[in-house]
1. Would region 12-57 count as rounded, prolate or oblate if I go by the C-alpha gyration tensor, calling it rounded below 1.5 in a/c and otherwise prolate when a/b exceeds b/c, oblate otherwise?
2. With the crude spin-label approximation of a point 7 Å out along Cα→Cβ, what separation in nm comes out for Glu8 versus Phe81?
3. What is the packing order of peptides 104-114, 68-78, 84-94, taking the mean over residues of other C-beta atoms within 10 Å and listing the highest first?
4. Return the lysines within reach of Lys19: Cα separation strictly under 21 angstrom, same-chain partners fewer than 8 residues apart disregarded; answer none if there are no such residues.
5. In this model, which of Lys45/Lys105; Lys46/Lys104; Lys69/Lys104 are farther than 31 Å apart at the alpha-carbon?
6. Can you work out the FRET efficiency for the pair Met16 and Lys46, with r the C-beta to C-beta distance and R0 = 35 Å, to the nearest 0.05?
7. Over region 18-113, what relative contact order in percent results from Cα pairs under 8 Å that are six or more residues apart?
8. What residues from region 27-50 fall in the zone where the backbone N is under 15 Å from a label point 7 Å along the Cα-to-C-beta line of Asp60?
Amino acid sequence: MTASNSAELNTPGDRMFAKYFESEVERISEKSLSEIQTIQDWNTKKTEYRRQLHEMLGLDPLPERTPLKIQITGVLKHEEFDVKKLYYQSSPKLYVTANLYLPKKISNPAPAILYVCGHGKVKINGTSYGNKTHYQHHGAWF
C-alpha cells in the first residue's frame with residue numbers, strides 16, 4: 001500500500017497499527033482455503049464458508065428478500081451480444097444501476113461476471129490493482 005491511498009498516518013502508533021493490519025491481512029490471505037484440495041473438500045466446507053461470509057457482512061440471518069423491481073432503460077444491440085441498461089432495488093428504495101451483457105448465440109445457462117465499480121488508486125508492492133479493487137485490499141475496513 002502506498003501513502004497516497006492510505007489514511008493519514010501521522011504518528012508512529014498509527015503507522016504501527018497500519019503495518020500490523022497489513023501483515024495480518026497478508027498472513028490470512030496466504031492461508032485462505034489452504035485446506036481445500038479437492039471438490040469433496042469444497043463440498044464439505046462450502047455451507048460453513050457461506051455462513052461465515054454472511055456473518056462477516058452483517059447478513060446472518062439473511063434479510064428478507066424483497067422484489068427487485070427491475071426497470072430496463074435501454075438496449076444496445078451489437079453483432080454478438082446485447083447490452084441491457086437497467087436499474088433495480090437491492091433493498092426497498094436502494095437503487096443499483098447495471099449493464100447486463102447477453103450473448104446472442106447461447107442455448108444453455110452460462111456463468112456470469114459481477115463487475116463492481118468503484119474509485120481508488122491501490123498500489124501494493126509496486127503492483128497497481130486498479131480502481132476497481134480499492135475496497136478489498138484493507139482488512140481493517142470491514
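Values in this text are rule-based calculations from the coordinates and carry no lab data. Everything numeric here is computed off the predicted structure, so don't read it as measured data. Neighbour counts are summed over all protein chains in view; Cβ atoms, including those assigned to glycine, are modelled from backbone coordinates with ideal geometry.
1. Oblate is the answer for region 12-57, as a/c is 1.5 or above yet b/c matches or exceeds a/b.
2. 4.4
3. Details: 104-114: 6.4, 68-78: 10.6, 84-94: 12.2.
My ranking of the peptides, most packed first, is 84-94, 68-78, 104-114.
4. Lys31, Lys121, Lys123
5. Lys45/Lys105; Lys46/Lys104, as the Cα separations exceed 31 Å there.
6. Rounded to the nearest 0.05, the efficiency is 0.40.
7. 15
8. Residues passing the 15 Å test: 45-50.
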